[in-house]
Structures are given as structure tokens and as C-alpha cells.
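Engineer: Please read through the structure below; I'll follow up with questions.
Rule-based calculations on the coordinates, nothing more; no lab input. All values reported here derive from a predicted model rather than from experimental measurement. Here the Cβ positions follow ideal geometry from the backbone for every residue, glycine too, while neighbour counts run over all protein chains shown.
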Amino acid sequence: MKLNLMTKSTVCGLLLSSFLATAQKTKLEVDLTKSITKIQPTMYGVFFEDINFAADGGLYAEMVKNRTFGFDAPLMGWLQPNSNVHSFNKDSGIATPMRTSENPNNPDFCRVIINNDKGYQILNEGFRGMGIKKDAKYNLSLKAANHNNEIKKIIVQFVDANKKVLGETSIVPSSTGWKDYSTQIVATGTEAKAQLKITFEGTGTIDLDMISLFPEETWKNRKNGLRKDIVQLLYDLKPGFVRFPGGCIVEGRTLENRYQWKKTVGPVEDRETMINRWNVEFKNKQAPDYFQSFGLGFYEYFQLSEDIGAEPLPILSCGIACQYNSGELVPLEELDPYVQDALDLIEFANGAVTTKWGKLRSDMGHPKPFNLKFIGVGNEQWGPQYIERYKIFAKAIKEKYPNMTIVSGSGPSPDGAMFDYGWEELKKLNAEIVDEHYYKNPEWFKENAARYDKYDRKGPKIFAGEYAAHPKGVEDGLKENNWLSAVSEAAFMTGLERNADVVHLTSYAPLMAHVDAFQWAPDMIWFDNLNSYGTANYYVQKMYSNNRGTDVLAITKDGKPLTGQEELYATAAKDTDKKELILKLVNTSGKAQDLEVNLSGKNVDSKGKMILLTHQNLEDYNTLAEPTKITPSEKDFKLTGKKAAVSLPAYSFVVLKLKMK
């Protein structure tokens, strides 16, 4: 019986092999001499929003939560393990939040009263802990006012969950008035969820503020800068632009808590802490400890853009709060301050050092202009209220800065009555770039690979500013970044590149998330307090942005582009600077497919490179434990004459690069 089963199996296998060997190849044509359109340097960029603890607790390397005691609950993030506020006279000490009118932007501080020598201490829990690495150095700074010089020493330690000390330093507070102090801690062990313990020697009262801790090793080793590993992931994308600071965070739930760029520049210690609009947005993922210190502010965003070779693309409030929340409107007659904010931002970015805002940029350390070219008016607003406000912004910006490119918006959806209305009105106004957003299931992305084929070539250009495939039937979290979502996006992006005459900017969203503190998934980059990694979606984006090309070429089957026939998708480009032909080929089917690409018009070298991203399980995804489960591989590729024979594995994305002679 077993022999018979083996025989049947063997016969079936031979028949299948014979069928595959004789299966007809899909034949494609590429003419290397006919450039269809240019691909903009801004074609593939990144969109940053402070959601999922992406700024404080993420990209911004500050390790102390609530460093200025400015949260709504002033001691949130701070623990008093050996204090009992209900029996004050018996305590070794107590920390009490205080307010002063001397600094309106940062009025809060902490008053610590030490009653005896029993070792009163306070601890900071960090952002879901503090990630420290053995032998790494961490720079601590704080402000202190030592009343009557009664406190002799402040001892600062890293401790783990078992209270084991993993590094120690101390400060001698030498002034009765406010004074800045700094020191360094060297970690003696590696711990993802350490805490910072502060113990006091002496008896009396001391005031504390701006207790801050950064790794010495940051991006470009800037003092109090950005997390090196996360910026490296962004840098490796070679993005054409950085859109910041959001997103719905620009709008705010109300106008009062909208993002105001002027509050995010100047001395870091004077920036006003504000609640993050995402802290209670999702009932199942509430984060009441989610605030914005604005240590990562507009100056830092511009600097980051410059560091990674990307165009800065700031988005500003247009005077409408999030229409999913309050929808609060600024009356048109009161819109001037909002418009002035936009004009002043352009001056901050590009103005001479003799101007008010150009001088501030220079004082912060960047005398040269940031060369801002784009500015966005509103995020996802819709309806007549948005259009009438957009008109006012556009008129004022163009009158003063005629060369500035203005990005407008079409609302939160890729279709529907409000989308159609916005597009119709923006076309009448000769809008330059319209931002479109879509969070849909993977099938939508595959089915819409030809979305822009029929867009008006004379109308506004497209910014696909927020998009991501959301798989069905998976929980929020890491699973959302499975291979199904990524390969579907790869298919869709062939349509973006093929239509580069219309589509000028694109960015996946959201950009990043803390694995222990996220509200929204999927996200392109995930991290904890020690490590970070790129998802399969990240590698799709990287393969596009690192192999962009300068000119679109036609790649066709029977005279038509591949937009999903037999679940195949393709785009072709050439890079006139590097003299390269670049083919991007996607197979979303569960079977391998053979392609034969006929290259005409120019000779190409017989040897090239193939970059392959594939995985057999559509539900698999990268994790911190397995960050490279789904990553590209590269191998040599050989051409036969003027024909490129390419075998696409099931569920795969291939980039083929050939030198043109």
C-alpha cells in the first residue's frame, strides 16, 4: 500500500514538473529609448507623527518621563517607594509638585523634603522602562535649588526590577538658588526596563526641575539628540522628503491642543509640555501618560531632514480641529494668526539671520537656511470650511513666497462625496499638490494598482501622504505588518511609479511604534527601549526608494501595462545618472511565474543584480526576536542576449538592475 502511494506521488510530481517545464512564459517588452516621464527626487519619502510613543520614548532619545513635572498629574512617571503621604510625620521624606509664575512655559517643578537620614528616594520609570546597555555612557542633567544648602549629595543610580544597581553617579548641589548640574552614569549591565533612582543625603528641602537623561551615543553624537539606531533605519531608506509633525496631531482634538510650531523651538527647557492627542483616542489602547515634551520640535525636524538628505515638508493647522473629534473652527475673520504662523515658519526655515525668525534659527545653531520648498495647509480636513480657509492661506503664502509649493488635502478617504468635492474645488483653484490618504485591506491595494492611470495629467499632482494595507482577521499589533500587507503594497506601488508624471510624493504611515506603548498598527518600524527593526513593509519601501531611477519606461504585455493580470505587476525605470535599467516585478499569486523581458533600443551589460524579497507564509512578520525573518537577498543576474529571463517565486517582489551601455 505504501509503495502504491509513493508511486502515485512520484508520478504526480513528474507530471507537475513536466507541466512547469513547458509552461508558457509571460513575455514583456521594454523600450530603453522611450522615457515616459521623470520620477521626482521626492517620490519616496517618510511621514513622521508622534503616535505610538514615536517621539518621547522613541526617536527622541530622552529617557526620563515627565522630566519637567509638567504632566497634568505632575508626579506621573515618578515613584516614591518609601514614602506614605498619609503619614507624613513618619516618612523619611516626600516629593510635592510646585508651580511658579517665573517661567510661564515651564512653571512646574518638584519640591523634595527630606525628614531624616533613612534614605528617602524617588524613582523615574522611564517610557515603559529605560533601556541601558553595559558599558554605555548616559548623560544626566538637572536643575536644583538647595534650600540653606542642607542637602549634601544627590545619588543617582540605574536599578533593575530587583533593585540591583546597574550604574551610579552623584551630584553635590552647591547653590541655594536654581543652578544647572550635569554628570554621567556608566551602565554596568544591560537592561531594557531599568529605572532611575535618586537618593538624597542630608535633611532639609531641595527643589528639582528638568531632570533629563540621554545616551551619550546619539545620531551624529549630538548632545541630547536622537536615537541612533532609529535614525539609521530612516537614513537607509534614502527618503526624498520628511513630512512632519503629523497627521491628526497637527489638528488636535480641539484647537487648543493643536500642534503650534512656535512652542517647539528655542531653548528645550522652555518648551511647554502638552498632552498628546493620542493618549485617550482609542478606548482599547488608552495611554494617559502620553505627553509631548517637544524636545523633538520643528528645528529638530528640519535638522533631521537635512541629516538624511530629505526635503522638509511641514504641515500646519488650517484653523480646523480634527473633524472626527470636535471639528472646532476658527472664524475666517480670526484666521490671521494661523496664516502668520505659516509665513513665519517659512522665514524660520529660509530667512536671513537678520530676520526675526531667521535669527532664532541661527541662534539655535543653524545660520544657513534649511531651503524649505514645500508647506502643507491642513491634514485631513474636508468640506467647504477647508476650501475657504485653504484659499486664504494659499493667497498669503504665494504673495510673499511665490516659489513655495503648497500641499493641500482631499480628506481622510480615497473616494466618496467629500473626496470628490475637495478635488473638484482644488482643481478650480489650480492647487499644486493634493494629499490623498488610504488605509485599506490588501485586496484594495492590489485592485487599485491602476488608480492613477486615468487621472488628469493637467490637474494637480498627487501626494500619497498616508497609506498602509491593513490585513483582515488579525489583531492590532505586530501581526498587522505581515507579508500579505507588504507584498500588496509592493503591487500597488508599481502604479505609483508608473504614474510618476502625476504622483510626485508618497509615504507609508504611520512610521514607527513602541512595542509596549502603541495605539495604532500597522507601522513601518517597531522598537523597544534597546532595539529597533524594519518590517516587511519597510523593506518594500526601501527597495523602491533605493532603486528609484530618474525616468519611467514602458513595460508592457501585449501593449498593456501589468496591473494585476495573472496577479503580476511591473514597472520599469532608468537611472540616467548611474546608467542603469531598473525593473520592479511583483507576483502576488501562490505559484511561481516565469517572465521573459525583451529589452530593445539600447544595449545592456549581460551581468546585473537581482534583489529578491519573498516569503511563503503570508501571515508571517518580523519581530524583535526575528528582525530579519522577511528581508531582501541579493544575487548576481545574467542576461541572455537582449532578453531577461526572470523566475518570480510565489508572493515575491523583485528588483532587477542592469547597467546600460
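Engineer: With a 10 Å Cβ neighbour count serving as the proxy for reagent exposure, in which order, fewest first, do E619, E466 appear?
Structural biologist: E619, E466
Engineer: Let me ask you something else. Taking the beta-carbon count within 10 Å as an exposure proxy, list K574, K400, K560, K657 from fewest neighbours to most.
Structural biologist: K560, K400, K657, K574
Engineer: Related question: By DSSP, what percent of the beta bridges with both residues in the chain are antiparallel, rounded to the nearest 5?
Structural biologist: So the antiparallel bridges amount to about 75 percent of the total.
Engineer: Sort the following peptides by mean Cβ neighbour count (other Cβ atoms within 10 Å, averaged over residues), highest first: 561-571, 336-346.
Structural biologist: Output ranking for 561-571, 336-346: 561-571, 336-346.
Engineer: Counting only C-alpha contacts under 8 Å and six or more residues apart, can you give the relative contact order of region 231-285 as a whole percent?
Structural biologist: Once normalised by length, the contact order is 24 percent.
Engineer: Per 0.36 nm of contour for each residue apart, how much would the distance between E256 and K602 grow if the chain were fully extended, relative to their Cα-Cα spacing?
Structural biologist: Roughly 118.6 nm would be gained on extension.
Engineer: Take K34, project a point 7 Å from its Cα along the Cβ direction, then tell me which residues of region 490-504 have their backbone nitrogen under 16 Å from it.
Structural biologist: Within reach of a label on K34, which here means backbone N under 16 Å from a point 7 Å along Cα→Cβ, region 490-504 contributes 498-499.
Engineer: Given the pairs K591/K643; K446/K642; K25/K479; K34/K398; K27/K574, which are separated by over 25 angstrom at their Cα positions?
Structural biologist: K446/K642; K25/K479; K34/K398
Engineer: Based on the mean of other beta carbon atoms within 10 Å per residue, what is the order of 576-587, 627-638, most packed first?
Structural biologist: The most tightly packed comes first, giving 576-587, 627-638.
Engineer: Which pairs in the list K557/K609; K400/K454; K629/K661; K359/K427 are over 26 Å apart, alpha-carbon to alpha-carbon?
Structural biologist: K400/K454; K629/K661; K359/K427
Engineer: Nearest 0.05, what FRET efficiency do A417 and F282 give at R0 = 41 Å with Cβ-Cβ as r?
Structural biologist: E(calc), rounded to 0.05, equals 0.95.
Engineer: Pairs of Cα atoms under 8 Å, at least six residues apart: use those to get the relative contact order of region 78-215, whole percent.
Structural biologist: 32
Engineer: Roughly speaking, what is the centre-to-centre gap between region 519-592 and region 324-370 when only Cα atoms are used, to the nearest Å?
Structural biologist: Their Cα centres are 37 Å away from one another.
Engineer: Once R0 is set to 22 Å, what does the formula 1/(1 + (r/R0)^6) return for the Cβ-Cβ distance between K391 and D341, expressed as a FRET efficiency to the nearest 0.05?
Structural biologist: 0.85
Engineer: Report ³J(HN,Hα) in whole Hz for each residue of region 366-381, in order, from the Karplus equation J = 6.51 cos²θ - 1.76 cosθ + 1.60 where θ = phi - 60°; Gly and Pro get x.
Structural biologist: Per residue, the Karplus-derived 3J(HN,Hα) values read 9, x, 6, x, 7, 6, 5, 10, 10, 8, x, 10, x, 10, 10, 6 Hz.
Engineer: Give me the lysines in straight-line cross-link reach of K152: C-alpha distance below 18 Å, same-chain residues under 8 apart excluded.
Structural biologist: K118, K143, K179, K197
Engineer: In the neighborhood of S606, defined by Cβ-to-Cβ distances under 12 Å, what is the net charge if each Lys or Arg adds +1 and each Asp or Glu adds -1?
Structural biologist: +4
Engineer: When the Cα centres of region 299-313 and region 272-291 are compared, how far apart do they sit, in Å?
Structural biologist: 26
Engineer: State, to one decimal in nm, how far the label point of K398 lies from the label point of T188, with both points 7 Å from Cα in the Cβ direction.
Structural biologist: 6.7
Engineer: Which far-off residues, 5 or more places away or on another chain, put their amide H under 5 Å from the one on K137, with H placed in the peptide plane?
Structural biologist: Under 5 Å from the amide H of K137: E216, E217.
Engineer: Another question about this same structure. Just need the relative contact order of the chain here, percent rounded to a whole number, with Cα pairs under 8 Å and 6+ apart.
Structural biologist: This gives 16 percent for the chain.
Engineer: Which of the helices in the chain meet the span-like rule: DSSP H, Cα axial reach of 24 Å or more, Kyte-Doolittle mean at least 0.0?
Structural biologist: The qualifying helices are 2-22.
Engineer: So which aspartates and glutamates pass the test for K285, namely a Cα distance under 12 Å, with those fewer than 8 places away in the same chain ruled out?
Structural biologist: Of all the aspartates and glutamates, those that pass the test against K285 - Cα under 12 Å, at least 8 places apart if same chain - are D476, D516.
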